[in-house]
1. Any chance the range 279-291 includes a residue that's modelled with pLDDT under 90, in contact with an Asp or Glu (Cβ under 9 Å, 6 or more places away or on another chain) and in a helix (DSSP H, G or I)?
2. Given Asp523, Asp538, which one is without any contact (Cβ under 8 Å) to a residue 40 or more places away in the chain, of a type outside the set (Ser, Thr, Tyr) and out of contact with any helix residue (DSSP H, G or I) (no Cβ under 8 Å at 6 or more places or on another chain)?
3. Say we look at the range 122-143 and pick out the residues that are open to solvent by less than 40 Å² (accessible area, probe 1.4 Å) and either closer than 22 Å to Thr23 by Cα or of a type in the set (A, V, I, L, M, F, W, C) (or both); which of these is nearest to the chain's Cα centre (by Cα)?
4. List the number of the failed condition for Leu179; all other conditions in (1) assigned to a loop (DSSP other than H, G, I, E, B); (2) at pLDDT below 95; (3) surrounded by 15 or more Cβ atoms within 10 Å (Cβ to Cβ) hold.
5. Can you list residue pairs whose Cβ atoms sit under 6 Å apart, with the first residue in the range 580-597 being more than 22 Å from Ile615 (Cβ to Cβ) and the second being in a helix (DSSP H, G or I) and at pLDDT 95 or above? Count only pairs 6 or more apart in sequence or on different chains.
6. Would you confirm whether or not the range 66-75 contains a residue that is among the hydrophobic types (A, V, I, L, M, F, W, C), surrounded by 12 or more Cβ atoms within 10 Å (Cβ to Cβ) and part of a helix (DSSP H, G or I)?
7. What are the pairs, 6+ residues apart or on separate chains, where a residue within the range 79-96 that is farther than 14 Å from Ala130 by Cα and among the basic types (Lys, Arg) has its Cβ under 6 Å from a residue that is modelled with pLDDT of 95 or more and not in a helix (DSSP H, G or I)?
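The values are calculated or read from the model by the stated rules, or taken from the named source; none is laboratory data. If you're wondering where the values come from, they're calculated on a predicted model, not measured in any experiment. Quick reminder, even Gly has a Cβ in these numbers, built from the backbone with ideal geometry, and neighbours come from all protein chains shown. The protein model used for the area step is the full one, side chains on, heavy atoms only, and it has no ligands, DNA or RNA in it. Shrake-Rupley method; radii C 1.70, N 1.55, O 1.52, S 1.80 Å.
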Amino acid sequence: MKVYFSILLLILTLTVSAQSPVTWGELSQEEIKLTQYPKDTSAAAVVLSDYGSISLFVDSDDGVGYIFRRHKRIKILSKSGLDYADVNIPYYQKDNVQDKVFDIRAQSFSKGKKTELPQNEVFTNSINSAWKSIDFSIPNVEEGSIIEYQYTIESSRIHGLTPWYFQEEIPVKSSLLKLQFENYFNFIYFVNQQSKLQLEEKQSSINNGGYDSTIEYKLFFKMEDLPAIEEEAYVTTIENYIAKVQFQLLEFNHSNYGRNTFLKDWDEMAYDLYNDLNFGDQYRLKKHYKNLKAAYDRVRKASTDAKERMLDIYQFILTNVSWNGKYRIMTTASLDDAFEKKKANSATLNFMFIALLKEEGILAYPALLSTRNNGHYIKSHPIMDQFNHVISSVKIDDKDYLIDVSTIHYPYNLLPSNDLNEEACVLKDKKIEWQKIVSPKSLTVYQYKVGFYSESISTTLNAYFKGYPAAYYRFVSKEKSAKEKAQDMLVEGFSISALDYKNQEKTDQAFQLIMKLENEKIDLDQSYIYVSPFIIKDFFDLPFKQDQRIYPVEFASPNAYQYSASIEIPEGFEVEELPVNMRMAIPEKSMTMTYFAEQMEDRIDIVFKHNINVITYPSEAYPQLKEFYIKMVEKLGEQIVFKRKD
């Protein structure tokens, strides 16, 4: 849960102990004697205290900026926690913005011995063109050690204050951040896990030596006894749920610098992007894509049908330019430059698509979104940094399409699953509209047949896929390891003797796998034959194994699974045991399962259906979901038993 506050409008004082942080080098007996963290006895380490402070300044010599200080102390509880002695401090350095990192100290306490970090063991490494990292390993660390380190960062990036994470991969006993600033600055902040937050605000007047006095604010954000972050299956991104506080500068107003607004309304943001060299100019001004258009004109197919022309452009972009794997909301070069290099980021690819569609007279606009792995966006505030991707909004014959020209493995009407994150912010020239991202239902169908002959067994499996499974298996089918990937679908005891595909290129049709199998599990020489009708490995993989769940269960899209098995009754045998029919449903049929088995004259027919109709389930529904899957897996494991006739 996120909570938004405007700092200068907030008049709130809670009972918070904004006590001084721990003193460097002074350990308590409780910290020294701690051998196991009572709230999580499996923890490899625990953060004893994490204290940070952000102080904003306006200085005639140094300009405007902030100083971030941090002091962190950790207890190593087992050998698997030794990695926490390896510390990385990222900082920004690009063009005129040069963060400074200084006052780096670190030390360990092991069996009463203190060991300080030598300064010649502090190293600087490059992360990318904009970010660097200070790296060091705290010396003489073993099981039972206490480590601590501190550092200071000075930065001029007041519009991007360092987020503070209260929660980590290990438990945290105490985490405290102090934010200090004068009323030249106006912020909003966003809190995850607000119910755990202890907040205190203090303010005082400052006399500026004859000038008008200003108000200094001090805000203390504190959380205690935070559990370790646990990765759980079917979570969009853990970032949505980590306890943290983030800041966004609204305005800076100072007599020496004037009034600077950093957060505008949505339409103002749209207007700025529309006129931005690396955004709207690229698809609006032909000078940025004249070579792209000339290349398309040479292969353009004459058609009066707008959808056919759209699909022609879609295929042209995918065929001629590949995605470099980077999600971006801006270009780094002109569309022509990217077209020449044959590689581009996600924004550039979609700007190419939009530019050519506009040339054809087809309505097309860029749509900002935050991918699933980037996390939720905040619709109440037009913060551009929360978006990491651009796709295309296209209107043809009064129908709106959201299309992503970034991967060749998806048809035009199927967004990559990472795009399925609530809504897209469509920039219709100088205005914005929100367009709902619909998660289409995927379909997986298996048809399994077993025939018994005098000395052999005939086994086949046909699989049909629509939606996201089809996109995945189309991609896999073109790899060298295609047969191995198909083999990996099956439970042990089966091997593929022949494999074929249908509709590899016809993305508007179901993709089909056709397999002939060799079955090592059935022995015809016995008095009893045991046949497992379900041979798909994933059906037996329990997705929910934990006793409790903290986060919601989030499927990317609705799914339908259908499985039919037709199993001949071997000559000379009769049916001894047949699974009974079964139905299950979670309330309101948000998830259903049916199992139907029937004995015919010469065979057994089994039909299984499983539908996931809702993509998000609250954590309170987890016990029901877990029980549902346990019962379903048990049911699918039941065997048919044939007995030799007397």
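1. No, because not a single residue in the range 279-291 is modelled with pLDDT under 90, in contact with an Asp or Glu (Cβ under 9 Å, 6 or more places away or on another chain) and in a helix (DSSP H, G or I).
2. Result of the check over Asp523, Asp538: Asp523.
3. Residues of the range 122-143 that are open to solvent by less than 40 Å² (accessible area, probe 1.4 Å), as a first pass: 122, 130, 133-136, 138-139, 141.
If we keep only those that are either closer than 22 Å to Thr23 by Cα or of a type in the set (A, V, I, L, M, F, W, C) (or both) as well, we get 122, 130, 134, 136, 138-139, 141.
Working: Val122: 32, Ala130: 22, Ile134: 27, Phe136: 29, Ile138: 32, Pro139: 35, Val141: 34 Å.
Checking each candidate, the answer is Ala130.
4. The single condition Leu179 does not satisfy is (1).
5. Close Cβ pairs satisfying both conditions: Met582/Lys635; Tyr595/Lys635.
6. Within the range 66-75 (the criterion being among the hydrophobic types (A, V, I, L, M, F, W, C), surrounded by 12 or more Cβ atoms within 10 Å (Cβ to Cβ) and part of a helix (DSSP H, G or I)), the answer is no, since none of the residues qualifies.
7. What qualifies is Lys79/Glu143.
Each row is one residue, and each column tells you yes or no for (1) touching a Phe, Trp or Tyr at 6+ places or on another chain (Cβ under 7 Å); (2) among the charged types (D, E, K, R).
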site	(1), (2)
Gly325	no, no
Lys343	no, yes
Ile354	yes, no
Ala367	no, no
Thr371	yes, no
